[in-house]
Amino acid sequence: MPVTSQSSAPLRRARVVPGGPLLVEGPLEVSLPSGEVVRSNRFMVAICMCHRSAVYPLCDASHKSPRGRRRAGGTAGEDRKSSETS
Ligand code: FES
């Protein structure tokens, strides 16, 4: 079934990587249930689907590690920004 946009906004594409992240065209803001908003200015943003990332909701490739093991350290750096408190 073809996908059509109901608005004049450009249609963004997302692609599920089997066993990995959801790749979404950026820039992008992700709103978490906690109210935190994570922003990425990358042209392609990898959203963690396995919940093992140390920089969740962004993928840090922990999905490639043996089950239950996270990569040490790391943050999303400039990609991880703010909460919606302002
Ligand atoms: S999908 Fe890559 S760390 Fe979760």
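Taking the stated definitions as given, is G19 within 16 Å of the ligand (Cβ to nearest atom) and exposed (fewer than 10 other Cβ atoms within 10 Å of the Cβ)? Break it down stepwise before answering.
Details: within 16 Å of the ligand (Cβ to nearest atom): yes; exposed (fewer than 10 other Cβ atoms within 10 Å of the Cβ): yes.
Yes, satisfied.
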field: Matching residues, segment 18-33, being in a loop (DSSP other than H, G, I, E, B) and in contact (Cβ under 8 Å) with a residue 24 or more places away in the chain
entry: G19, G20, P21, L32
query: G74 fails exactly one of the following numbered conditions: (1) at pLDDT 95 or above; (2) out of contact with any helix residue (DSSP H, G or I) (no Cβ under 6 Å at 6 or more places or on another chain); (3) part of a loop (DSSP other than H, G, I, E, B). What is the number of that condition?
result: (1)
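The values are calculated or read from the model by the stated rules, or taken from the named source; none is laboratory data. Just so it is clear, the model here is predicted, and its values are computed rather than measured. Here the Cβ is made from the backbone with ideal geometry for all residues, glycine too, and neighbour counts use every protein chain on show.
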